[in-house]
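Shown next, in structure tokens, is the structure this report addresses.
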Amino acid sequence: MEKMIIRKVEPTDNKALSKLIKDTFEEHDAPREGTVFSDPTTDQLHELFQTPGSVLWVGELDGHIAGCCGIYPTQGLPEDCAELVKFYLRPEARGKGLGQALMNQSIRSAKELGYQRIYLESLPEFAKAVSMYEKMGFTLLEKSLGDSGHGSCTVWMIMELDAS
């Protein structure tokens with residue numbers, strides 16, 4: 001059994017997380033432009049997640065960064081709504097419960113930060129993730145919300161948070 005740790009992002013995580021995200025786009029042959037792949041903040045996630053109302057969780061398996069997931073108050077979203085962002089797992093980390101644990105931690109954080117809804121953007125290339133989002137209670141939207149700057153995303157979803 002691998003040792004799983006979930007912790008907040010640290011400054012020394014920036015390079016490994018940027019590589020994880022970009023490798024995932026390459027693995028799925030997902031669009032590079034108009035996505036997090038070409039977003040300059042992807043190389044400075046620790047700094048980005050110093051923004052009030054945000055948190056980025058890093059998942060480790062046996063001491064190695066294996067995934068991440070966070071909550072961010074994306075510009076243009078309603079005040080009671082945050083975006084689920086940066087949900088990526090290394091291929092070898094999939095199917096081991098780390099993604100579920102990161103997602104659950106992010107949802108708990110959204111509630112603790114006072115959000116009532118979580119929005120996300122994705123791509124058809126990440127169909128397995130989209131299926132997981134649906135199982136978690138996210139529903140599809142017809143158009144994007146907010147101003148993430150990721151115009152190539154064509155899958156938009158939202159989840160209402162219960163008070164529990």
**OP:** Apply the Karplus parameterisation 6.51 cos²θ - 1.76 cosθ + 1.60, with θ equal to phi minus 60°, to every residue of segment 50-67 and state each ³J(HN,Hα) to the nearest whole Hz, in sequence, with x for glycine and proline.
**Re:** 8, 4, x, x, 10, 7, 10, 9, 10, x, 10, 10, 6, x, 10, 4, 10, x
**OP:** Could you let me know the centre-to-centre spacing of segment 105-144 and segment 1-49, using Cα atoms, in angstrom?
**Re:** 18
Original post:
Using a Cα distance threshold of under 15 Å, what count of lysine pairs results for segment 4-160 when pairs must be 8 or more residues apart or interchain?
Top reply: 5
Original post:
Just in segment 36-121: which trypsin sites (Lys or Arg not before Pro) are loop by DSSP and have at most 16 other Cβ atoms within 10 Å?
Top reply: ARG94
**OP:** Only helical DSSP H runs with n ≥ 4 go in: add -39500 (n - 2.57) per run for the chain, normalise by residue count and round the 222 nm mean residue ellipticity to 500 deg cm²/dmol.
**Re:** -8000 deg cm²/dmol
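Scan segment 1-67 for trypsin sites (Lys or Arg not before Pro) in coil per DSSP, keeping those whose Cβ has at most 13 other Cβ atoms within 10 Å, and list them by number.
In loop regions of segment 1-67 (DSSP not H, G, I, E or B), the sparsely surrounded trypsin sites (Lys or Arg not before Pro) are LYS3, ARG32.
No lab work stands behind these numbers, since they all come straight from the coordinates. Given the structure is predicted, the values throughout are model-derived calculations rather than measurements. Positions of Cβ are backbone-derived with ideal geometry, glycine not excepted, and every protein chain shown enters the neighbour counts.
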